[in-house]
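What follows is a single structure, written as structure tokens, with notes after it.
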Amino acid sequence: MHIIVLIKQVPETDKVKMDPETGTMVRSGLESIINPLDLYAIEEALMLKEHFGAHITVISMGPLDAERALRESLAMGCDKAILLTDKAFAGSDTWATSRVLAETIKHIGTFDLILAGERATDGDTGQVGPAVASWLGIPALTYVSSLEIESRTKDSRIAESDHNRTSSLTFLVRRLTEEGYQKVRVQSPCLITVVKEIASPRLPTLRGKKFSRSAEISHWGAKEINLDPASVGLAGSPTRVVKIFYPKVARGGERILALDEAAIDKAIDRILSTIGPIMGDGGCSGIHKVANIEKSETKVSLAKSQPAMQESMISLSEQLSSGPIVDDKPEFWIITERRKGGIDLVSLELLARARHLADSRGATLVAIVLGPSSKDEAAMLIAHGADSVILVESPSLEDFICELWAEALFELACARKPEVILGAATTTGRTLMPYLAAKLGTGLTADCTELSIEEGSGLLLQTRPAIGGNIMATIKTAHHRPQMATVRPHSMQPLPPDFGRRGSIIHVIDDSSLGKIISDSLALSVQVLALESNVKDFENLESAQIVVSGGRGLKKADNFKLIRELASSLGGAVGASRESVDRGWISYPHQVGLSGKTISPEIYICAGISGAVQHLAGIRTAKKIISINTDPDAPIHAVADLAIIGDLFEILPRLTAQLKSIYSSSSGSESKPEPRLDPGFSPGSVLRPGSVSSLGHGSSSPSSSLSPCQTKDTKLQEPDLPRSEILSTEAQHEI
Amino acid sequence: MKYNPVSKDIISELINIAGERNVLLDPAQLEIFSHDETSKEEYGHMPEVVVTPRSTSAVAEIVKLANRTSVPITPRGAGSGLSGGAIPIFGGIVLSLEKMNQVREIDYDNLTMTVETGIVTNEINNLVKEKGLFYAGYPMSLETCMLGGNIAENAGGGKAIKYGVTSRYILGLEFVTPTGEVVWLGGKLAKDVTGYDLVHLIVGSEGTLGIVTAAIIRLIGLPAAKSDLLVLYRSPQEAISSVPVILSKGLIPTSIEFMDRRSVETSCAYLNENLPYAQCGAMLLIEMDGRDQSIVESEAEAVGDLCMEQGAIEVYVADNRTTQERLWAIRRNIAEALKVYCPVQSLEDIVVPPAAISAVMPELERISSQFGIEIPCYGHAGDGNLHATLVKDPQMPMEQWQRIEQQALLALYESITALGGKISGEHGIGLKRKDFMKRFMSPVELNLIKAIKRAWDPNLIMNPGKIFDIEY
């Protein structure tokens, strides 16, 4: 088996400086290391080598100094290293980098598997991996937390000398997504990016070190891989950094010294009053989340209350031949994500952002929905800001398979030539969008927290945090179309639904053209087997409105119960620092920070966490931070809105007890507190039309009524009702 | 010994000298000055008042006041000591130097720095790092400890094998005597035999001879390159026997840290570190440093080869800070990990001739089985300085532990004395080991020490009750 591992040499994140003139990183005087996430990829390759026999080639693109990283990977046990180094490569964005890497891999010849870390801790885009796969036309599986070879055992070793011949292997992988672990079967060759959970990196040995010192490392430049120097590096990069600025880090919040009883009481009061507005008045009116959501679903999903919609059907081939069908207005797209059959909240947030942008540009806002869907969902999207909704309803698109989705979107984009495509920076968006951008030959900016339209040029200004949130960079895609960006979830609220909005729905029929795409893509043999959502100790941190995190200060695994109890009393999620995850006190899905999740909850409470820069990188966009730590000099206190200097073992149990007493005295026995969210959506919830259809059809099973055809048939006949009635329907469901 | 309580008059005088904000009386504030890193329950004692003066003249005035009124006075730095040296065992005044943290001078021509002793030691290195300089008298307690405490204990640490201990870097002292006189001793001098070497009498005197308010410290060039080796051995004997082999080849590591099986297991389990430590009976963590990375790495390789020749199972190499941190985390977290297992323990600081370490290990096993307690052991193999730690079984009743602890310590000290060792290498005697001094130090030496004490501190007000008991 031939495994290629892509690694990057990165500066130690806590010491990074940027050149404000050029917008590039000042690398001098910094110690460089292998991107920590790439170490997991190296380790996984080494484990495969140990079990099945393999030849491992490590590739890195960077300055000459990056040879150190390659030598270290050789010392760990990799066999061969190639350094891509050329002045012409300098200043490459992710698109240009992935192109050079892909050309190199083509140049090397056959391989079975490409492994890479999920992202690099400096650029923090996660785009290069999927883009390389796109260039090579192979499947990309991202956020992989375990990898097995199917029907291979230790006995059937794949001779190392065979590394030039690609043997067909079947991998079983588990991807860590927001909803749980997605189990996928995939044929080699493919590209897999890994998360920390997959392996625990070994240390280089003396023997390995000696081998690595004597090993020759090939240096390849643009010439060696037959690329025009003008087409790589800064010159060949579609995106440009146009501005660098430093975000305000310190929040200058309130500090409370809680060392005695009275001060602890005061601290708890302040925590309660900080949480209060999120939890609802006095902490009790926010608890009816479940009811609230159901009613809001009812509100939007009843056919009566749908916005007026004009429907059309068009085949993809028709679309391709006829070109853009809308007027001269440019199209702005958002890629809709669905979960468990409903529209994900992040897509509605995306609509809110895109609505604003489309208005300033005078563009039409189009929401793209892939996979079987319903008109209810389309209505939902229109009510939240879309001008039109394109439904590509092929059942093969139901599960997210990156290359299938990218192929469908590629065809659609070639036909309609959108000016902007936005996706959510979710595990789906951060996989799909780079794959698609590479196909479309355009730039992509990852994980934006601000987007605006530049006056005059009408270009999309994409602003994102980089280097662990130490800097903000504004990026532009001046000469390539479409301009693409992923947007950090929860960096904006959805618009309140407006059921008076008009919009059109375009059904793209699964005709021969799309059918061919899908059958071709299926030949890639990516098969989604299952979604394991009820995994022990899984946490969906990204969509939680309240996150309570614990760190080393908890002293041992057992004490995480203090964090879990507080989180449960708030209806929040449980987070953790890297150290506590490393120590095995809690599972990786809980990890917040640079090598874990980046989150933007309404409230972030952390106890026993000192606040290393890597941790802070994950919480910069949290709305309110409450820190509890005995050390008055802990860096976390400097970024907190409310810093409690005190002992978590005294504060947490009392805080939890008080929260419990507030809720049990003011609400029904069975209701659990949940944060309140406008406009009526719960954190992480999906809006399920199914349950509503069940109202209409008298069925008790929400999921049974959601066949796409059924929905289509019935909905088309449903009459529009007068506006007044819609209003009254809404009014009934106001809480 | 009779001391006077801190009266209202004394407090108002203290306020006159230091200012109201620098005189603490609130019991909640005083509490943190009642203990150091030793067990609060076992050794803690409340002060009557804490003063945080900002100048040497204020320190001198306060000492004069204490001497005049026969009130005990206990100098204090960061409170990170491990022998109870900063605990005001007779109450009275705690004089905290935390606000005397100014840098008075950095002399790049003489490579010295004149600093007040309340400066956090780590801060010294931050200040001179940019200039490629380094203060090597730096113990392992990382972020918190202060220079004054390092001087009082003559702190050692993990780099002593190459760089020596604190005293090597102390050239001069600004000193307040127990009668309140201020004097400068030593200077920016490489050689000085003009009279007794009082500077180095004071360094390591645990605050019993007076208060050091400022020091001239020696700076050296910062070794920018580093390479670390983690060496796994089947037995402690194999590990220890590597040390003289390395040193005799002219290779001088910055540190040679020893960890026995129990320490490694506890720390690795605590850190969830997946190193293959199961078959390993002991580890050495060896650091090489220098100016040039490739030279340092090749020297480290030579050391690694020697270890393999001595029967090491495996040698891991760390050439960058992230990997180095990972290795050092195992060593640094031993104490914390043991505390999680059971917070009741006695962290010892024995020192023996380096070659005798092999002989210490079976003694520890013997004492461990004799008293039915665990004694994990780790420390500075290159210096023969070991932190054998007596750990209470979490199930053992406290009274039984207290009895056994004293007996086991006695047995431990007896066996290391027989090997030519002493009971403390770098943490000091303080309160914690005072009772053993009579037994393990010759009466002649103890009397000489007491005679010095009486000559310097006639009213015995300066940090009384430490190292030895003394009567008027």
Cα coordinate range in the stretch B:342-429, projected on the principal axes (Å, largest first)
36, 23, 19
If each part is reduced to its alpha-carbon centroid, the stretch A:355-416 and the stretch B:1-62 end up apart, in Å, by 72
If you plug each phi of the stretch A:130-143 into the Karplus form 6.51 cos²θ - 1.76 cosθ + 1.60 with θ = phi - 60°, what whole-Hz ³J(HN,Hα) values come out, in order, with x for Gly and Pro?
x, 5, 4, 4, 5, 4, 8, x, 10, x, 10, 10, 10, 6
Averaged over A:575-588, number of beta-carbon atoms from partner chains that fall within 10 Å
2
Among A:88, A:75, A:101, the residue whose Cα sits farthest towards the positive end of the charge dipole of the stretch A:2-237 (+1 at Cβ of Lys and Arg, -1 at Cβ of Asp and Glu, taken about the Cα centre) is A:75
For residue B:355 and residue A:228, what is the calculated FRET efficiency with R₀ set at 56 Å and r taken between the beta-carbons, to the nearest 0.05?
0.25
Any aspartates and glutamates with Cα under 14 Å of the residue A:106 Cα? List them, leaving off those in the same chain fewer than 8 positions away.
A:224
Once you place label points 7 Å from the Cα toward the Cβ at residue A:210 and residue B:396, how far apart are they in nm?
4.5
How far apart, in nm, are the 7 Å Cα→Cβ label points at residue A:235 and residue B:295?
4.2
Can you work out ³J(HN,Hα) from phi for every residue in the stretch B:34-44, in order, using Karplus 6.51 cos²θ - 1.76 cosθ + 1.60 and θ = phi - 60°, giving whole Hz and x for Gly and Pro?
8, 8, 10, 7, 7, 4, 4, 5, 7, 10, x
DSSP-loop chymotrypsin sites (Phe, Trp or Tyr not before Pro) across the stretch B:38-125, with at most 10 other Cβ within 10 angstrom
none
Per 0.36 nm of contour for each residue apart, how much would the distance between residue A:478 and residue A:457 grow if the chain were fully extended, relative to their Cα-Cα spacing?
6.7 nm
Quickly rank B:147-153, A:575-581 as a protection proxy: mean count of other C-beta atoms within 10 Å, highest first.
B:147-153, A:575-581
Given charges of +1 on the Cβ of Lys and Arg and -1 on the Cβ of Asp and Glu, with all other atoms neutral, how large is the dipole of the stretch B:342-429 about its Cα centre, in debye to the nearest 20?
80
Once residue A:90 and residue A:272 are pulled to full extension, the length gained, defined as 0.36 nm per residue separation minus their Cα-Cα distance, is 60.4 nm
Expected integer from the mean partner chain Cβ neighbour count at 10 Å over A:206-215 is 4
Taking R0 as 25 Å, what FRET efficiency do you get between residue B:235 and residue B:274 from their Cβ-Cβ distance, rounded to the nearest 0.05?
0.65
What does the extension gain come out to for residue B:8 and residue B:32, with contour length at 0.36 nm per residue minus their alpha carbon separation?
6.4 nm
Could you work out the mean count of beta carbons from other protein chains within 10 Å of each residue's beta carbon in B:313-320?
6
Cβ-based charge dipole, the stretch B:103-221, positive-most Cα from B:114, B:136, B:186
B:136
Calculate the length of the line joining the C-alpha centroid of the stretch A:68-140 to that of the stretch B:207-255, in whole Å.
41
Residues of the stretch B:11-44 with backbone N under 16 Å of the label point set 7 Å from the Cα of residue A:263 along Cα→Cβ are B:24-34
In whole angstrom, note down how far apart the Cα centers of the stretch B:415-471 and the stretch B:104-171 are.
26
Cross-link table A:340/A:624; A:87/B:131; B:2/B:64; A:555/A:597; A:536/A:556, entries beyond 27 Å C-alpha to C-alpha
A:340/A:624; A:87/B:131
Set the Förster distance to 51 Å, then compute FRET efficiency between residue B:370 and residue B:103 from the Cβ-Cβ distance, nearest 0.05.
0.50
Let me have the relative contact order for the stretch B:335-454, percent, based on Cα pairs under 8 Å that are six or more residues apart.
31
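Every read-out reported here was derived from the displayed coordinates using simple, explicitly stated rules and does not represent laboratory data. The structure displayed is predicted, hence computed values, not measured ones. When we count neighbours, we look across all protein chains shown, and the Cβ atoms used for this are built from the backbone with ideal geometry, even at glycine.
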